[in-house]
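One structure below.
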Amino acid sequence: MTEKMTLALIYGSARQGRFCDTVASWLIRELETSDVFSLTIIDPVRMKSARGDKSAGPAEWMERKVAEADAFIVITPEYNHGYPAALKEMIDAVYEPWHAKPVAFVSYGGASGGIRAVEQLRQVFGELHAVTLRDGISFAKAWSKFDAAGNLYKPEEMRAPLFLMIDRLTWWARTLKYARKATPYNEIAA
């Protein structure tokens, strides 16, 4: 059996009462039995609390979390046709640890389902030399898709697209992990 890779779930919202927790809980339940990935959470609320950590500030905390991950899923809302400032602050806290790592998206929002936020994030991650997946999950009118306990009303409708995204994320994560070991990315243009 091969060693599990680390999949970091990046929470895009830091708002109190955020819907991100509902979407993330669904995603974690779907992925918790994975024999490919071990899950870790990168949460802007935790990054804020790292500001008071004397041993490691928020940038150091973020750098460690991103460096340890082999792949990412960004769970993002769309606020006013864009992605949240807390997410931008987390992404921009580090540079090199993002290089040559795959990023997938689970978005949510009103009528657009967060797609406009994802399209902007693709540009940001491209600048960081990360590889974004075309396949993703989008919840339009997300609040109507989940019950009060955070369960999807129709989970079977989302499993096929989710597992397709995860299969492709797995392929990219394995391929890029091997490539980074064979030739460190920062040595290519050195």
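Laboratory data are not the source of any read-out in this text; all were calculated from the coordinates shown. As the structure is a computational prediction, the values presented were derived from the model and not from experiment. Don't worry about glycine lacking a Cβ; one is built from the backbone with ideal geometry, like all the others, and counts go over all protein chains shown.
Helix 155-182 and the longest principal axis of the C-alpha atoms of the chain enclose an angle of approximately 10°. If R0 is taken as 22 Å, the Cβ-Cβ distance between GLU68 and SER34 corresponds to a FRET efficiency of 0.85.
In order along region 72-80, the Karplus-derived 3J(HN,Hα) couplings, from 6.51 cos²θ - 1.76 cosθ + 1.60 at θ = phi - 60°, round to 9, 10, 8, 9, 10, x, 10, 10, 6 Hz, and Gly and Pro are given as x. Exposure proxy shown here: for MET165, MET62, the number of other Cβ atoms within 10 Å sets the order, fewest to most, as MET165, MET62. As a rough footprinting exposure proxy, the listed residues PHE72, PHE163, PHE146 were ranked by other beta carbons within 10 Å of their own, and the order from fewest upward is PHE163, PHE146, PHE72.
Can you give the % of DSSP beta bridges in the chain that are antiparallel, to the nearest 5? Of all bridge pairs located within the chain, approximately 10 percent are antiparallel.
Largest first and in whole Å, the equivalent-ellipsoid semi-axes of the chain read 25, 20, 16, each the square root of five times a Cα gyration tensor eigenvalue. Taking the chain as the reference, fit the longest principal axis to its C-alpha atoms, fit the long axis of helix 20-31 to the helix C-alpha atoms, and give the angle between the two in degrees, 0 to 90, nearest 10. It works out to around 70 degrees.
Measuring r between the beta carbons of LEU164 and LYS141 and using R0 = 30 Å, the FRET efficiency lands at 0.85.
Amide hydrogen proximity for SER107: with H placed 1.01 Å from N in the peptide plane, the residues at 5 or more positions away or on another chain lying under 5 Å are THR76, ILE137, SER138, PHE139. Taking the Cα centre of the chain as reference, the dipole from Cβ charges on Lys and Arg (+1) and Asp and Glu (-1) amounts to some 180 debye.
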